[in-house]
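Asker: Let me give you the structure first, and then I'll get to my questions.
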Amino acid sequence: MIGLRHSISEKIAHSIPFIVYLCRAGIDIVVTSLPRIRFTGAEGARMKGGGTVVRRTVTMRNFIMPRAYRAFLASLALLGAPAFAAIAAAQEIAAPQSLYEVGEGDVLQINVYGTDVYDALVQVSADGTIPVGELGEVMVGGLSATQVGERLALEFRRRGILRDPVVNVVVQEYKSKRVSVLGNVARPGEYVLDRAGMRLTDLLARSGANLAQGASVIRITNAKGEMVEIPASDVVSGERDRVAQPYETIVVTEAPTFYILGEVQNPGAYPLEPGLTMERAMALAGGLTPRGSRNKLKVTRKAPNGVEISGKVDRDAEIRPNDLIRVGARIF
């Protein structure tokens, strides 16, 4: 007999050529029941070096199937090991959480493979700890779900509670790192910063920010109530894009508008761009009608005291927010 003394996870990680050899040699890999796998071989199947038949049962206790092995297991299925493909499907892991750092309020599902004594659904407290059976309070704040599992496994081993545990931790509820996205977006509401390095542009994309219709300013208020305004064009271009911070409120504002009426092809309301002149406004409105005159422009706007004033303007004059422009007709 060839002794398979390592755990199956070590075999997969470090002895891939050995397993592939088993498959090519016609040796079946049979799943009897989780958590056990049995390697069996037909009489006369020979291995390199020792020339012995492999008929050994390898324990699957405390074994978690890493995502990286799924493609490998699928290739084993093509080599004659369909049972491994079944394991990969059975061990399907949720969306990656390895980069999300847990914090106050997050709810974690803890599972220790091979025993259900320490399985628990716990919430991270204000000081970043969670209660875990005989371990008591364990500090997990600022760790990823994977790192939390590793820390718990280390504590179980260090205190002699479990010899070689594999601990799986999944974030069931994200509560510690949220931002609000409001304003000119298709899906306003709270969004979870569910991975490290999530940027403002990521949140604008998730919320369906309506930038095409002239959202000129993005107003961001942090947890301390401090507010900053950033031109949307600077964020989208990447010039002032940055990592979003927990508890920020992001408001996508609509661009100021102006209105143009009279002898233009497409009268109506238009978003106001910085430095927009009367001449360019007429172009945005589709140009003049055959009777329109570039020299007969009249604008109505509100004065600082709130009173509306009207008067003639030059075609090179800049437009202000909420201006109402009337384009007159030629006499001949």
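Asker: With 108, 203, 152 as the choices, which residue is in a strand (DSSP E or B) and in contact (Cβ under 8 Å) with a residue 24 or more places away in the chain? Talk me through it step by step, then tell me what you get.
Answerer: On the way: 203 fails: in a strand (DSSP E or B); 152 fails: in a strand (DSSP E or B).
Unique residue meeting the criteria: 108.
Asker: Now for a separate question. Can you tell me which condition residue 293 does not meet? The list is (1) open to solvent by less than 40 Å² (accessible area, probe 1.4 Å); (2) polar (S, T, N, Q); (3) in a loop (DSSP other than H, G, I, E, B), and all the others hold.
Answerer: So residue 293 meets the others, but not (3).
Asker: Output the residues belonging to the stretch 244-255 that are under 21 Å from the mean Cα position of the chain (by Cα) and either charged (D, E, K, R) or more than 8 Å from residue 200 (Cβ to Cβ) (or both).
Answerer: If the condition is that a residue be under 21 Å from the mean Cα position of the chain (by Cα) and either charged (D, E, K, R) or more than 8 Å from residue 200 (Cβ to Cβ) (or both), then 245, 246, 247, 248, 249, 251, 252 are the ones that fit.
Asker: Next question. Which pairs have Cβ atoms under 6 Å, sit 6 or more apart or on different chains, and link a residue in the stretch 311-332 that is under 17 Å from residue 267 (Cβ atoms) to one that is of a type in the set (A, V, I, L, M, F, W, C) and open to solvent by 30 Å² or more (accessible area, probe 1.4 Å)?
Answerer: The qualifying pairs are 326/261.
Asker: Turning to a different aspect of this structure: Can you pull out every residue in the stretch 170-200 that is under 12 Å from residue 252 (Cα atoms), open to solvent by 60 Å² or more (accessible area, probe 1.4 Å) and assigned to a loop (DSSP other than H, G, I, E, B)?
Answerer: Those that are under 12 Å from residue 252 (Cα atoms), open to solvent by 60 Å² or more (accessible area, probe 1.4 Å) and assigned to a loop (DSSP other than H, G, I, E, B): 186, 187, 188.
Asker: Say we look at the stretch 307-331 and pick out the residues that are among the β-branched types (Val, Ile, Thr) and not in a loop (DSSP other than H, G, I, E, B); which of these is nearest to the chain's Cα centre (by Cα)?
Answerer: 325
Asker: Now for a separate question. Let me spell it out: the conditions are (1) under 30 Å from residue 203 (Cβ atoms); (2) outside any loop (DSSP other than H, G, I, E, B); (3) without any contact (Cβ under 8 Å) to a residue 60 or more places away in the chain, and residue 281 meets all of them except one. Which number is the exception?
Answerer: Of (1) under 30 Å from residue 203 (Cβ atoms); (2) outside any loop (DSSP other than H, G, I, E, B); (3) without any contact (Cβ under 8 Å) to a residue 60 or more places away in the chain, only one is false for residue 281: (1).
Asker: Further, regarding this structure: What tally of residues in the stretch 289-306 results from selecting those that are modelled with pLDDT of 90 or more and either closer than 22 Å to residue 256 by Cβ or under 48 Å from the mean Cα position of the chain (by Cα) (or both)?
Answerer: Counting residues in the stretch 289-306 that are modelled with pLDDT of 90 or more and either closer than 22 Å to residue 256 by Cβ or under 48 Å from the mean Cα position of the chain (by Cα) (or both) gives 5.
Asker: OK, next. Identify all residues within the stretch 214-237 that are at pLDDT below 90 and outside any strand (DSSP E or B); write none if there are none.
Answerer: Those that are at pLDDT below 90 and outside any strand (DSSP E or B): 214, 215, 216, 223, 232, 233, 234, 236, 237.
Asker: Where the second residue is open to solvent by 40 Å² or more (accessible area, probe 1.4 Å) and of a type in the set (S, T, N, Q) and the first is on the phi > 0 side of the Ramachandran plot and lies in the stretch 239-258, which pairs have Cβ atoms under 8 Å and are six or more apart or on separate chains?
Answerer: 247/222
Asker: Of the conditions (1) in contact (Cβ under 8 Å) with a residue 40 or more places away in the chain; (2) more than 30 Å from residue 234 (Cβ to Cβ), residue 300 clears all except one; give me its number.
Answerer: For residue 300, the exception is condition (1).
Asker: Give the residue that is surrounded by the most Cβ atoms within 10 Å (Cβ to Cβ), with candidates limited to residues of the stretch 227-263 that are over 27 Å from residue 194 (Cβ atoms) and among the acidic types (Asp, Glu).
Answerer: Per the criteria, the residue is 263.
Asker: Please name all residue pairs, on different chains or six or more residues apart, with Cβ atoms under 8 Å, provided the first residue is in the stretch 224-237 and is farther than 12 Å from residue 248 by Cβ and the second residue is modelled with pLDDT under 90 and not in a strand (DSSP E or B).
Answerer: 231/216; 232/211; 232/215; 232/216; 233/216; 236/211
Asker: Only one of 275, 311 is exposed (fewer than 11 other Cβ atoms within 10 Å of the Cβ), touching a strand residue (DSSP E or B) at 6+ places or on another chain (Cβ under 8 Å) and modelled with pLDDT under 90; which?
Answerer: 275
Asker: Still on this structure: Testing residue 266 on (1) over 30 Å from residue 196 (Cβ atoms); (2) touching a Pro at 6+ places or on another chain (Cβ under 9 Å); (3) surrounded by fewer than 16 Cβ atoms within 10 Å (Cβ to Cβ); (4) of a type outside the set (Asp, Glu), one condition comes back false. Which one is that?
Answerer: Failed condition: (2).
Asker: Of the residues 129, 146, which single one is among the β-branched types (Val, Ile, Thr), under 26 Å from residue 198 (Cα atoms) and open to solvent by 40 Å² or more (accessible area, probe 1.4 Å)?
Answerer: Exactly one residue qualifies, and that residue is 146.
The values are calculated or read from the model by the stated rules, or taken from the named source; none is laboratory data. Everything numeric in this text was worked out from a predicted model, so none of it was measured. Positions of Cβ are backbone-derived with ideal geometry, glycine not excepted, and every protein chain shown enters the neighbour counts. Protein only, heavy atoms only, side chains kept; ligands, DNA and RNA dropped before computing areas. Shrake-Rupley method; radii C 1.70, N 1.55, O 1.52, S 1.80 Å.
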